Every structure is written in C-alpha cells, then in structure tokens.
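Values in this text are rule-based calculations from the coordinates and carry no lab data. Because the structure is predicted, anything quoted here is derived from the model rather than measured. Virtual Cβ from ideal backbone geometry, glycine too; neighbours counted across all protein chains shown.
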Amino acid sequence: MASSRWWLYAQAVFWRFLMRLGMIFHHIPHPRPPSPTFSRSFPSGSSKVVLRFYCPAGYVQGRKEGRRLPVVVNFHGGGFTLGGPTDDARWAQAVLSEVGAVVVSVGYRRAPEHPFPAAVDDGVEALQYLAGHATELGLDVSRVALSGFSAGGNLAVTVPLRLRNALEKASQERWLSRAESTQQLVATTVSDLHIVALFCWYPILDFDEPREHRRAMSINPDKTLPSFFTDLFDESYLPDLEERRSPYASPVYATDEALRDALPHDIFFYICEWDMLMNEGQQFVRRLLDINKHVRAMMIEKARHAWDKSPNPFRDPDEVNILYKDACADMKTLFKK
C-alpha cells in the first residue's frame, strides 16, 4: 500500500537532515573539497533551480579575456528525494584539477514535493540556461559532458532523451501560439549545445522492475539499499505506477532510435558489484553497444551503492580518487578532440 504524501515528506525531511550531517563528515578528510565559486538560479514551476558553479584557477581572468572553458553538468544522487548540489564536491575537485573544466552542479527540485518529471525537466532547463548564458559565463557549450551519481546517473541519461523530445516538438511546430513560441525558444537556445560524453555512476535505469526482485538477484542482497529507502524514493518520485515505464524515468524503455539520436557516442558507466542496480546497468551497457555507442563499463568490486559517499571521516579515499582521476583522463581526452 502506497504511503501518503505527507508521510513521505516527513520521512524525506528526516533523512535529508541526516544525509546533510553525513556529507559534512564526508568532506572532512584532506584535501578538503572546494566550495562553489558562485551560484545562479532560475524559476521552475512554483520553486527554483539552483546551479552551483565550481571554476578552475584563472577562470575569472579568462572570462574577462573572452576565453571559454568546457562544461561538466553534474546531477547529484539521493533517490530524487535527498541530497543536494554540493554533495559531489570531491568529484568537482577532481574535474577542476585534472580537466580544467567548469563544473555546474544542478540543484533540481526534489520529490515528494516535486515528483516526476520535475527533476528531468529541471535538467533540460539547466542545459538551456547554460547555453543561453554561455558568453557571459565563459562556457564552451560545444564541449559539454554530463555526469551523475545514482539518481543523478539516471538524469545524465534521461535529460538528453527529454531534450530530444522537446526539440522534436519544436521542429514540428508551424504556427506560433504562446506555447509553441516556448518550444521554438528551446531549439534556438540549445542550437550550439553539444554533449560529448556521459559519466554515469551506479545509475538507476528501470523503475518498473520490482525492487524485491532486484534485491533477490543481487550478488550480496544484504549489502543492497534497505527497502525503507527504496520505497521512499520510488513512491516519492513516481507515485503513478504507469509513469515508471516512461523512458524519461526508466531509459531502458526508450527506443533504440531515441537512444541513438539523443545520447552521445562516448558513454562511461561505473557499476558497483554489490548494488541491486548492477544487472540493469550491465544489460543497458550491452544494449548501447548494440546500437554502436562507444561504452566503457567499469565494475567496482565488492562495493555497495554510493560507495564513494561514505560518511566515515577516517576512510581511505585512494580508491575513489583513482577512479575519479581515471574518468577525468577520459573526459580530458574527449574535450581535446
């Protein structure tokens, strides 16, 4: 039986508080991750979307001189319910030092206050915003990579699919009503935008398959996310069961044509061995390979979901840093093409 919205919200507030404490401990070990350089926001529905910018050294002077830097648009995790845009500051730190790109972390609207498709629509609007303000922000939007963790990994895939859908609608419009003008604006704003790669860390790709089945099929079911978390996430973000098969929620249900057209050629997946999402990740990788995408899939052995976000301040971060730097090396190569 589905929980009431107010009870879901009460649980979300409680876990958001604890997760914020956990992230404080996560950021304690040296080197300390950077704080955002600055923020921008834009309205979305009855709320707003906040963009946190992490900028490399020399960014301000370079922007004054007209130089433009490549962009990594990042989506945080938390089951579309928890978390915030500063959670991935250590990933941003790696990108700044190894790639020299600007990282823009998207503070999309969270469920249960804003269920599907709020988060994916906010991701599309974030790309529109960056494309529309590229000159003043010193961004080269012809070199954009999308990254995301868990729910954010889902958005790294579904946002391009949703953007493709918006562009298709815009191209089909012949007469400009008020709504159609908005669609035309989508096409104009993103005309220079080019997504060169996706970096998806332990993404959820299928909301329709029961969690119980995925947990039972896991290599180590006891190491998977507990049901009180997954129930909260799924009921908060996708209360309408029919919407769980939408390709903008579950990209495994997108057509081959949509995946081929919307997603870039280079895609990177980082999958945790003890994650209930491992099997769907591997199956999706095989499907992308079948449509001739260049996919690199990394299996992180003996790792739980979100293994890189441990709140333990005494943890050894070397394994995480190695994988982050490895991903950044691939990203840097693609940006130089």
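Please go through segment 258-299 and give me each residue that is basic (K, R) and not in a helix (DSSP H, G or I), ordered by number. Steps first, answer last, please.
Taking segment 258-299 and keeping what is basic (K, R), we get 260, 286-287, 293, 296.
Across segment 258-299, the qualifying residues are K293, R296.
Output the residue which, of all residues in segment 73-100 that are among the hydroxyl-bearing types (S, T, Y) and in a loop (DSSP other than H, G, I, E, B), is nearest to P203 (Cα to Cα). Can you show your working first?
In the first step, residues of segment 73-100 are kept if they are among the hydroxyl-bearing types (S, T, Y); the result is 81, 86, 97.
Among the residues that remain, those that are also in a loop (DSSP other than H, G, I, E, B) are: 81, 86.
Numbers: T81: 15, T86: 18 Å.
Residue satisfying both the conditions and the ranking: T81.
Only one residue in P29, P33, P70, P56 is in a strand (DSSP E or B) and either farther than 22 Å from Y202 by Cβ or touching a residue at least 40 places away in the same chain (Cβ under 8 Å) (or both), so which one is that?
Details: P29 fails: in a strand (DSSP E or B); P33 fails: in a strand (DSSP E or B); P56 fails: in a strand (DSSP E or B).
The match here is P70.
Looking only at segment 190-217, count how many residues are surrounded by fewer than 20 Cβ atoms within 10 Å (Cβ to Cβ), closer than 25 Å to D326 by Cβ and not aliphatic (A, V, I, L, M).
Counting residues in segment 190-217 that are surrounded by fewer than 20 Cβ atoms within 10 Å (Cβ to Cβ), closer than 25 Å to D326 by Cβ and not aliphatic (A, V, I, L, M) gives 1.
Within segment 204-254, how many residues are more than 11 Å from M276 (Cα to Cα) and among the aliphatic types (A, V, I, L, M)?
Final tally of qualifying residues: 7.
Please find, among G83, G132, G153, the residue that is touching a residue at least 40 places away in the same chain (Cβ under 8 Å) and touching a Ser or Thr at 6+ places or on another chain (Cβ under 7 Å). Show your work before the answer.
Numbers: G83 fails: touching a Ser or Thr at 6+ places or on another chain (Cβ under 7 Å); G153 fails: touching a Ser or Thr at 6+ places or on another chain (Cβ under 7 Å).
Checking each option against the conditions leaves just G132.
I'm trying to understand the selection: among the residues of segment 101-126, which are part of a strand (DSSP E or B) and within 13 Å of the chain's Cα centre (by Cα)? Explain how you work it out, then say what you get.
Filtering segment 101-126 down to residues part of a strand (DSSP E or B) leaves 102-107.
Hits for segment 101-126 are V103, V104, S105, V106, G107.
Does D240 fit the bill of being surrounded by fewer than 15 Cβ atoms within 10 Å (Cβ to Cβ) and among the acidic types (D, E)?
Details: surrounded by fewer than 15 Cβ atoms within 10 Å (Cβ to Cβ): yes; among the acidic types (D, E): yes.
Yes, satisfied.
What single numbered condition from (1) out of contact with any strand residue (DSSP E or B) (no Cβ under 7 Å at 6 or more places or on another chain); (2) without any contact (Cβ under 8 Å) to a residue 12 or more places away in the chain fails to hold for L289?
Condition not satisfied by L289: (1).
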